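Data block below; observations after.
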Amino acid sequence: MPIGSYLGLKIETELSSFFQTERTLLKRIIVSALLAVSCILITLVVFSTWHFYLSSIVILTVSIITIYGEFALGLFFAVILGLVVDYFFFGPFGNMLSTSEAIIRFLSLIFNQLLLSIVISSYRRLITHTVQMKQEVIDLGNKSLLELKISMVQLQRSSQYARSLIEASLDPLLTISPDGIITDVNEGSIKVTGVSRDQLIGADFSRYFTEPDKAQEGYKQVFVEGFVSDYPLTIRHKNGRLTDVLYNASLYKDEYGEVLGVFAAARDVTALKEIEKVRANLLLKEQEANISKDEFLAMLSHELRTPLTTILTWAHMINLGKLDANQIKRGMLIVEKNAKVQGQLIEDLLDISRIQAGKLKLSIQEIDPSKIITDAIDSTRPLASTKSIQINTVIHPLVKNIFADPNRLQQVLWNLITNAIKFSAQNGSIWITLDRTQQPNGEHIQLKVRDDGKGIKPEFIPIIFNRFSQVDSTSTRAYGGLGLGLAIVKQLVELHEGMVTVESPGEGEGTTFTVLLPIKLAVKKLAEAEAEAEAEAEAEAEAEAEAEAAAEVSLHGLRILLVDDDIDLREAFAVMLQSYGAKTKTAESVSEGFIFLEEFNPDILISDISMPIEDGYSLIKKVRALESPLSKIPAMALTAYAGIDDIHRIHIAGFQSHISKPVDTRKLILAIAKLVLPKS
């Protein structure tokens, strides 16, 4: 109930009680006065004596004065006065009640006095009650006004607090009338629509959604079910920006249960939807990557197993000794060819790995690009002849030397030409052109390789340079390879600060690859290339010196214990070390090596790091813990992990030296010599 209604009802109740009491007293006064007047008149008519008249006046006067106090006290004095007056005016006391007339006269005086006392007492009570009621009404009014003021202040504070909470919400909040008209909004609604509060209030709420009909359906659902939760809608800002929201709405009512409208709150889920979309895209890409990985592994298995099967088959047939000389010769050529195919596959994988790791270095020097083209054509001509493909070249005479890595540039051309041969039909043609062109960042050479072969589907062109990409990766594909050649081309061209593009009118219309290379590389690139060239020259000189030194080294009589889990590697190392005069003992595990250590009493321990069950770190720890001269034995680690942290760990563990895999024989011999043999 509202505060004003409660206070009004309270005042009304008090006033009603006052007027009811006042009416009762007035009735009592009127009745008593009429009875008193009637008795006086009757007495005057009956007795007709001036004595009674005079006594009545005296009694009335004295009674008025006397009974201004309490009614009982006034009545007592009235009786006494009646007796006194009757004695003085009507004779001695003994004659007062001697006759019936005297008794009646005395009783009438008392009765009249009683009636007058009632009248006067009632009048007094009426006056007193009126004064009290006026004061109570005044007090009640003052108290009610104070309570009303306090309640209004509290109500105002509660209203301000509630409004602050509503405005503090970043989500749009609004109230809507039963007929769908906005009655109030918060700041969030203003921001999400770009419309002012005055424009929003009084407008149809559904006009600000991209789907007004859907918004109306949700609004009707609130009146049917009493609420709606996570109802998806999209709000359109006046500048066209869209905000995805989930609406939650419920009815709000007055104290009598009458529906006043709908309170609605919208939660912005635009960012959440974007995250979900990104997550879905990432999931899709992950699934595609998994599919590509599976396809690549299947292709890798096929591409490696096919030449390997050929090699093993011919090797088996040759070992049987049932082939004639011509067949053996042909078989060896086929083995060599398939070994080269496998080697190329492995080289492609290693190149991609080096490029991705940033470890592929270019040996930049001034070269003649036309010579590179000639060498690349010569290396691919036997492959082209198998399909009777004609290779045509057009080299512009103004093309001068450029700065590039000749080996890597030839690799680019070799990949592009072999790709063209692979996808060209029998008796097809390939055109190679070399020209100069001016680009925004300087003068470039332009190298084009065009064929009239299979062509490329438009949807495949954007991913043609991706790693492991294949137009056809099914088991029935007509063309082999891992899909690495063009990826390597792109990476190598970009390392030369150039770019490569592809064009194809469509399937069956041929393909054109265009390579742009700057004629002059940046000064920094040239400086790096010169430094690398010097480093390579120094490395070559060092290698030659090592080769000469290794040739002079003798390990005659040196006892070497080799621990490695790979049987082929143990055998190869044993043969190699024995060729230098060493005595060797090999072990396949740490436990076996530890036993042989005491039995063989070696001069040096060479151990692999990565082994099953126990690794090389475990072995060297056990060796260094021995309480014998063997704890000081020189030890060398063989490892495929050649990072700085790995090398540091090797030396901390107790190895004095290390050799990285794949092992260079000359470096291994020199390392053993430096570690064990006395310096000359």
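The values are calculated or read from the model by the stated rules, or taken from the named source; none is laboratory data. Because the structure is predicted, anything quoted here is derived from the model rather than measured. Here the Cβ positions follow ideal geometry from the backbone for every residue, glycine too, while neighbour counts run over all protein chains shown. In case anyone asks, the SASA skips ligands and DNA or RNA and just uses the protein heavy atoms, side chains included. Shrake-Rupley method; radii C 1.70, N 1.55, O 1.52, S 1.80 Å.
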- [ ] Search segment 503-526 for residues being open to solvent by 20 Å² or more (accessible area, probe 1.4 Å) and of a type in the set (V, I, T), and hand back the single one that is modelled with the lowest pLDDT.
- [x] V523
Open item on the list: When you scan segment 323-334, do you find a residue that is modelled with pLDDT of 75 or more, touching an Asp or Glu at 6+ places or on another chain (Cβ under 6 Å), of a type outside the set (K, R) and outside any helix (DSSP H, G or I), even just one?
Closed with: no
TODO: Scan I432, I456, I417, I445 and give me the residue that is farther than 26 Å from D378 by Cα and of a type in the set (A, V, I, L, M).
DONE: I456
Task: Of all residues making up segment 203-219, the number that are touching a residue at least 12 places away in the same chain (Cβ under 8 Å) and open to solvent by 40 Å² or more (accessible area, probe 1.4 Å) - done: 5
Open item on the list: Could you go through segment 579-593 and let me know if any residue there is crowded, with 16+ Cβ neighbours inside 10 Å, of a type outside the set (K, R), modelled with pLDDT of 90 or more and in a helix (DSSP H, G or I).
Closed with: yes
- [ ] Those residues that are outside any strand (DSSP E or B) and open to solvent by 50 Å² or more (accessible area, probe 1.4 Å), I need them from segment 383-407; list them, please.
- [x] L383, S385, T386, S388, H396, P397, L398, K400, N401, N407
Task: Unmet requirement for E540, which otherwise passes all of (1) surrounded by fewer than 16 Cβ atoms within 10 Å (Cβ to Cβ); (2) at pLDDT 80 or above - done: (2)
Open item on the list: So, A574, is that one open to solvent by less than 40 Å² (accessible area, probe 1.4 Å) and either modelled with pLDDT under 90 or touching a Ser or Thr at 6+ places or on another chain (Cβ under 6 Å) (or both) or not?
Closed with: yes
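Every residue, every condition in (1) modelled with pLDDT under 90; (2) in a helix (DSSP H, G or I); (3) crowded, with 18+ Cβ neighbours inside 10 Å, yes or no:
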| residue | (1), (2), (3) |
| --- | --- |
| A642 | yes, no, no |
| I647 | yes, yes, no |
| F655 | no, no, yes |
| H658 | yes, no, yes |
| P662 | yes, no, no |
| L668 | yes, yes, yes |
| A673 | yes, yes, yes |
- [ ] Would you mention how many residues in segment 184-195 are open to solvent by less than 50 Å² (accessible area, probe 1.4 Å) and farther than 20 Å from V259 by Cα?
- [x] 8
- [ ] For residues that are outside any helix (DSSP H, G or I) and open to solvent by 20 Å² or more (accessible area, probe 1.4 Å), tally how many sit in segment 594-634.
- [x] 13
TODO: With respect to T433, determine if the residue is at pLDDT 85 or above, under 18 Å from L517 (Cβ atoms) and exposed (fewer than 14 other Cβ atoms within 10 Å of the Cβ).
DONE: no
- [ ] Determine if segment 296-305 includes at least one residue that is assigned to a helix (DSSP H, G or I), open to solvent by 80 Å² or more (accessible area, probe 1.4 Å) and at pLDDT 75 or above.
- [x] no
Task: Residue that is most open to solvent (accessible area, probe 1.4 Å) [pool: residues in segment 220-252 that are in a loop (DSSP other than H, G, I, E, B) and more than 13 Å from A264 (Cα to Cα)] - done: K238
TODO: Scan segment 551-566 and give yes if some residue there is of a type in the set (V, I, T), touching a Leu at 6+ places or on another chain (Cβ under 8 Å) and modelled with pLDDT of 80 or more, otherwise no.
DONE: yes
